[in-house]
Amino acid sequence: MPMQPQQSDPPVGSTLAVIRARVTSLAPSERRVAEVCLGRPREVAWWSAADLAEQASTSSATVVRACQNLGFTGFQHLRMLLLRDLGAAGSGESGAADPTETPMGLMRTVFDEVARDLGTALSPLDEEALEAAVTALAAAERVLIVGNGGASAPCASALAFRLVLNGRPAEAPVDAVVQQLSASHLSESDVCLVISDSGMNSYTLAPADAARNAGATVIGVTGHARSDLATRSDIALVVGGAGPWSAHGVSSTVVVLSFLIGLQVAVCNVRDGSAAAAERSLKQVVGLLNPDE
């Protein structure tokens, strides 16, 4: 069975990140409840279940069921966590920037948004799944990295580059057909690491399925705990970015890339890699160092 994130109280300030990571698995009426929580957490923290039900155009029973499917014991549990987070924050939420702001003001808003989302992004991540992924990547004979789209594809290439730089051979084909063909030729000793924030990209899911059919270990990196990618992965690594609720839509890519860099560093550590060795390899490639030195 795929490794899934454990359900427990999220760290302070990360309740909304947990909701974002799990909202896509909800039924439509339950999803409306989650979206109200994400959009109006300060109000929800003081509402009753009936108040939330009215705002989400559903029933109190659906509110409770939605909270349970999100990983909480019920509405009161969610409410107390929102109150805890709001108290810890001590300030209002950051939303979409005022269009009259200066470029520097907008720049600060974007950076504040990224900093906030980075601070809570690891809350849905299961530690045992992470350790299993690092072990599998370090031991694999072949590592195939798959990512498509404007965000996942560059992240896949960046991870492959960093792994190769540190002595861990890896490949990240750009073409979707090549990805699927490569995945179909993997073996039980290989790993296919698949990146998709939504976990629903058909071009990305096809290589994941091909890799599983070939017997390889599939590691899925996604922002949604019950996405198709998470359920099809042997090891699901769920990292809670901002998703479509982000005011400027920049956090998700930054979160995923930061996570993958951390994953690469952990794999390098297991394989006794070093920053000095990586620097030497890079200098050799760009011609700044004599290979005989």
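Tabulated results
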| item | result |
| --- | --- |
| Carbon and sulfur %, accessible surface of the range 146-243 computed with the full protein complex present, 1.4 Å | 56 percent |
| Virtual spin-label span in nm between Val164 and His77, 7 Å along Cα→Cβ | 4.6 nm |
| Diffusion constant of the range 37-79 at 10 °C, which comes from Stokes-Einstein with the Kirkwood Cα-pair radius and 1.306 mPa s, µm²/s | 158 µm²/s |
| Point-to-point label distance, Val177-Glu127, nm (Cα→Cβ direction, 7 Å offset) | 4.7 nm |
| The range 113-255 - accessible surface per residue (Å², probe 1.4 Å) | 39 Å² |
| Protein accessible area in the range 10-87, 1.4 Å probe - carbon and sulfur % | 55 percent |
| Largest to smallest accessible area among Val114, Val12, Val178 [probe 1.4 Å] | Val12, Val178, Val114 |
| Label-point separation in nm, Glu43 to Arg84, each point 7 Å along Cα→Cβ | 2.5 nm |
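The values are calculated or read from the model by the stated rules, or taken from the named source; none is laboratory data. Predicted, not measured: the structure shown is a model, and the values here were computed from it. Here the Cβ is made from the backbone with ideal geometry for all residues, glycine too, and neighbour counts use every protein chain on show. Note: accessible area is taken over every heavy atom of the protein model, side chains too, but ligands, DNA and RNA are not part of it. Shrake-Rupley method; radii C 1.70, N 1.55, O 1.52, S 1.80 Å.
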